[in-house]
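Step one of this worksheet: look at the structure below.
The values are calculated or read from the model by the stated rules, or taken from the named source; none is laboratory data. Keep in mind that what you see is a predicted model, and the values were worked out from it rather than measured. Ideal geometry is used to build each Cβ from the backbone, glycine not excepted, and the neighbour counts take in all protein chains shown. Surface areas here come from the heavy atoms of the whole protein model, side chains and all, with no ligands, DNA or RNA. Shrake-Rupley method; radii C 1.70, N 1.55, O 1.52, S 1.80 Å.
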Amino acid sequence: MKFLGDMGVSLSTVGALRTAGHDATYLREHGLHKLPDPEIFQKAAQEGRIVLTFDLDFSAIAARGGTALPSVIIFRLSNASPASVNLRLFRLLAERAADLAAGAIVTVEDAGYRLRRLPLFKNPPPP
């Protein structure tokens, strides 16, 4: 799978994905750490990447987009250490890879995760 790590995501999480054989990149590696969220989302869509983020704005962007891709994984954890994020991320990938490939917004929380398939609306609401 292909991933794009937003600024809140640790470079070590991106590294763990690479070690596991995934194609993962990090905004700061490309000097794009100040890119606005809609442009990050567009970049992920163009490159076929799943967005990894702590930013809730991405769920709204995905919902308004009216498309199935890109998928977005949002971390909402009380312990946001890379070890905690990585554990939950790899569990999610093992359980829901097909859903992520088809298009979904996944919110990863302390007690588990919530998955909503994309597109959320047949006719997206106006911006």
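Have a look at Ala104, Phe3, Phe58 and report the one farthest towards the positive end of the charge dipole of the chain, computed about the Cα centre with Cβ charges (Lys/Arg +1, Asp/Glu -1).
Ala104
Find the Cα radius of gyration of the chain, compare it with 2.2 N^0.38 Å by division, and give the number to two decimals.
So the chain has a normalised radius of gyration of 0.97.
Write down the percent of antiparallel bridges among all DSSP beta bridges whose residues are both part of the chain, to the nearest 5.
Around 30 percent antiparallel, to the nearest 5.
Over its Cα atoms, what ratio of radius of gyration to 2.2 N^0.38 Å does segment 1-60 give?
1.02
Would you kindly compute the Cα radius of gyration of segment 25-98 and its largest Cα-Cα separation (Dmax), both in Å?
According to the Cα coordinates of segment 25-98, Rg and Dmax are 12.7, 33 Å.
Report, to the nearest whole %, how much of the accessible area of the chain belongs to carbon and sulfur atoms, 1.4 Å probe, protein only.
So the carbon and sulfur contribution to the accessible surface is 54 percent.
Go through 55-65, 91-101, 12-22 and give me the packing order, highest mean Cβ count within 10 Å leading.
So the peptides 55-65, 91-101, 12-22, ranked by packing, come out 55-65, 12-22, 91-101.
In Å², what does the accessible area per residue of the chain work out to with a 1.4 Å probe?
51
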